[in-house]
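Student: Structure in structure tokens, see below.
Just so it is clear, none of the values below were taken in a lab; they were calculated from the coordinates. What you see is a predicted model, and the numbers here were worked out from it, not measured in a lab. When we count neighbours, we look across all protein chains shown, and the Cβ atoms used for this are built from the backbone with ideal geometry, even at glycine.
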Amino acid sequence: MKWHVLRPLWVAIALVGSILIARQFVVPDDFGVHGQNFTYGYYRLSNVQEWKDFPVKYRGREYCVNCHAEKVQLVNQSPHEPVECENCHGPAVNHPADPALLLIDTTREHCLRCHALLEYPNSSRAHVPSINNRMHMRRRECAECHNPHSPGEKRE
Amino acid sequence: MTCSRRDFLKEAVGGTLASVLPLSAFTFISSEEAKAALAESKVRWAFLVDASKCTGCGLCVKACKNENEIPYDAPVTRTWVERYVVTKDGETHIDSPLGGRDGFIDDKIRGEEIDPEDIAKAFFVPKLCNQCDNPACVQVCPVGATYQTNDGVVLIDRDWCIGCGYCIMACPYGVRFFHPEHKVADKCNFCYHRISKGMPPACVECCAFDARRLANLKDPDDPVTKIITTERVAVLKDEYGTKPHVFYLGLDASVR
């Protein structure tokens, strides 16, 4: 039978077939429907574990207290108790192995995150003790006078 | 029997296709696999934001960027804080410089000075991925690179994402962005590596004002779940039908 439609048809079928065959090798074995349905649960299963293995950088106060119990205790008794150590000291990652030293953010801008005066009477910002950045000790670092671990007391 | 070369090739190709097609078109799973896929997870992660407690310090944004290796100075972020200042003439002024990464230390909004006398109300609203029950971003992914885990978190497979950006357009909350280094779509995943180890997300840990909290909705004894189920909470853009799972306390109607 000689029919001019057949030849392109075979080519098309061969193309689709070769794609399906290639797919067997390219797509990982664990790729498929794993969740509740195809719409939201069609994925590569091992990727979930890959995300779980992402390295943790912020270790929390429970990690710091292992070596710096004195400082943690001091902060815990001060108004800065809710502020995590790593907010100012930076993420611990694997400190003291790596990094050996943490870079402490002592800049004025860092303190101003909470303590810059914004006149928003019904915002919770109004309940944080604050300074007018343009008036109060301009170009000085706060920690020169205030002890961040115990902000109630002033340094001489 | 005679067989021309052409006929032989036709038969050979046809035969090969006939044997390969049904196998590749269907995936057979065992009954155990089917059961495992349908098994109910004991966890459904959700988030509670107390907008009335947020002071706009931006420490959550800083922590998120460090924790999740998002380029610090690139204009992209997984979570951000918006400032809303509603003036007495009814206008709403909104800004979020660098996503609030460096906090809000200036009272100017987009360079505009607002007289404190004119302010009717002002507040901060932290935003992050809503881990929707019906995630629009997952529906549009053409390659299956983004998906919903059994515990409700939407993840992105960085090896599988082709970076087409459909999901970035589909998210009604503008949560997704293009990761400048990995060249794939990226977004908040509630710090999946932390919550699966029993740690709080980085933004929750670094929030000094308890404005951000994580909840397991399937655990009725979870204190945050109790708040979500018993207090008056709101979600963002409910009308989209995405069933977002970031709940807000103290959300104002002017928040978009």
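Student: Taking 8 Å as the Cα distance limit and 6 or more residues as the minimum spacing, I'd like the relative contact order of chain B as a percentage.
Tutor: Relative contact order comes out at 25 percent.
Student: At 222 nm, what helix-only mean residue ellipticity would chain A give, in deg cm²/dmol to the nearest 500, using -39500 (n - 2.57) for each DSSP H run of four or more?
Tutor: Mean residue ellipticity, 222 nm, calculated: -10000 deg cm²/dmol.
Student: Test of the criteria: in segment B:101-192, which trypsin sites (Lys or Arg not before Pro) are in a DSSP loop and have at most 15 other Cβ atoms within 10 angstrom of their Cβ?
Tutor: B:LYS108, B:ARG110, B:LYS183
Student: For the protein assembly as shown, take the alpha-carbon Rg, divide it by the Kirkwood Rh, and send me Rg/Rh.
Tutor: On the Cα set of the protein assembly as shown, Rg over Rh gives 1.11.
Student: Also, quick follow-up: Compute the Rg to Rh ratio over chain B from the alpha carbon atoms, using the Kirkwood formula for Rh, and round to two decimal places.
Tutor: Answer for chain B: 1.15.
Student: Counting only complete DSSP H runs, which helices of chain B cover 18 Å or more along their long axis at the Cα atoms and score a mean Kyte-Doolittle of -1.0 or above?
Tutor: The answer, listed by residue number, is B:5-25.
Student: From Cα coordinates alone, what are the radius of gyration and Dmax values for segment B:119-256 in angstrom?
Tutor: In order Rg, Dmax, the Cα atoms of segment B:119-256 give 15.7, 49 Å.
Student: How large is the Kirkwood hydrodynamic radius of segment A:10-156, counting all unique pairs of alpha carbons, in Å?
Tutor: Averaging 1/r across every pair of different Cα atoms and inverting gives 20.6 Å.
Student: May I ask you to list, by number, the DSSP H helices of chain A whose Cα span along the axis is at least 27 Å and whose average Kyte-Doolittle hydropathy reaches 1.0 or more?
Tutor: Those that pass (Cα extent of 27 Å or more, hydropathy at least 1.0) are A:6-26.
Student: Now for a separate question. For segment B:136-186, what number results from the quotient of the Cα radius of gyration and 2.2 N^0.38 Å?
Tutor: 1.02
Student: Along Cα→Cβ, 7 Å out, is where each label goes; now give me the distance between the ones at A:GLN36 and A:GLU81 in nm to one decimal.
Tutor: Simple spin-label model gives 4.1 nm for this pair.
Student: Based on the inverse mean of 1/r over its pairs of different Cα atoms, what is the Kirkwood hydrodynamic radius of segment A:61-144, in Å?
Tutor: 14.7
Student: In square nanometres, what is the average projected area of the Cα convex hull of segment A:1-97?
Tutor: 12.9
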